[in-house]
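The values are calculated or read from the model by the stated rules, or taken from the named source; none is laboratory data. Remember, predicted model here, so these are calculated numbers, not experimental data. Here the Cβ positions follow ideal geometry from the backbone for every residue, glycine too, while neighbour counts run over all protein chains shown. For the accessible areas, the whole protein counts, side chains as well, though only heavy atoms, and no ligand, DNA or RNA atoms are used. Shrake-Rupley method; radii C 1.70, N 1.55, O 1.52, S 1.80 Å.
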Amino acid sequence: MGCCSGRCTLAFICGMQLVSVLERQVIDFLGYQWAPILTNFIHIIVVILGLFGTIQFRPRYVTGYAAWLVAWMTWNVFIICFYLEVGDLSKDSDLVLTFNLSMHRSWWMENGPGCRVTPITPPPSWAPEDHRYISISGCLMDFQFIEVAHSSLQILLALVGFIYACYVVKLISEEEDSFDFIGGFDSYGYQGPQKTSHLQLQPMYMSK
């Protein structure tokens with residue numbers, strides 16, 4: 001019962017992670033943030049493998065899933081530090097999240113709750129020709145705090161998933177050890193040596 005309960009809980013956590021990271025992947029695609037897109041994709045693959053391992057009693061898959069969650073939590077801690085500009089990090093840097101392939105911007109910058117976007121015309125002379133120059137006002141929450149909230153949710157789910165993954169691996173290993181122990185004394189498949197007869201049948205002749 002404990003193994004079933006732990007596996008069901010871990011499967012539910014994996015499902016929650018998939019839903020939340022898919023939503024985040026869409027948002028990052030809309031913001032052209034290539035580093036998070038790549039990391040989210042790896043996370044999706046690993047969570048699917050972890051879900052498969054949980055359902056199919058594959059402890060190696062669950063162990064790999066747990067190991068990845070440590071890296072995933074580290075990445076999300078970095079994202080939080082990035083948007084809160086801890087140390088020398090700057091949320092306006094194009095190199096960190098977009099590999100300098102496009103201008104960094106969070107989708108929530110223009111589409112956050114209550115945000116009103118107003119194009120400024122004519123744009124200033126220093127503004128790139130292929131970019132809009134806009135004014136954003138009225139936001140109920142700054143975009144960086146929305147991004148921090150998303151990363152905090154991912155850390156919370158990953159922490160709970162890591163704990164349950166370790167628990168499930170332990171239970172599966174114990175069940176496998178118990179099964180091997182019982183199977184060692186299983187006599188149903190045992191067949192004793194069969195006696196072979198050394199007597200040969202000889203033809204018998206009846207006299208009239």
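Just a few scattered comments:
- Single residue of the stretch 122-147 satisfying the filter (exposed (fewer than 13 other Cβ atoms within 10 Å of the Cβ) and at pLDDT 70 or above) that is farthest from T9 (Cα to Cα): S135
- Scanning the stretch 88-121 for residues that are over 20 Å from Q33 (Cα atoms) and either at pLDDT below 65 or touching an Asp or Glu at 6+ places or on another chain (Cβ under 9 Å) (or both) turns up just one, V117.
- Pick from the stretch 53-67, criterion surrounded by 15 or more Cβ atoms within 10 Å (Cβ to Cβ) and free of Cβ contacts under 8 Å to residues at least 24 places away in the same chain, ranking: farthest from L157 (Cα to Cα): R58
- Residue list for the stretch 148-170, restricted to those being in contact with a Lys or Arg (Cβ under 8 Å, 6 or more places away or on another chain) and either open to solvent by 10 Å² or more (accessible area, probe 1.4 Å) or within 12 Å of W72 (Cβ to Cβ) (or both): H150, Q154
- Residue in the stretch 6-27 that is under 19 Å from F143 (Cβ atoms), at pLDDT below 90 and among the charged types (D, E, K, R) present: no
- Going through (1) surrounded by fewer than 17 Cβ atoms within 10 Å (Cβ to Cβ); (2) in contact with a Cys (Cβ under 7 Å, 6 or more places away or on another chain) one by one, V47 falls short only on (1).
- Filtered by the rule that a residue be farther than 20 Å from D92 by Cα and open to solvent by less than 10 Å² (accessible area, probe 1.4 Å), the stretch 27-44 gives N40, H43.
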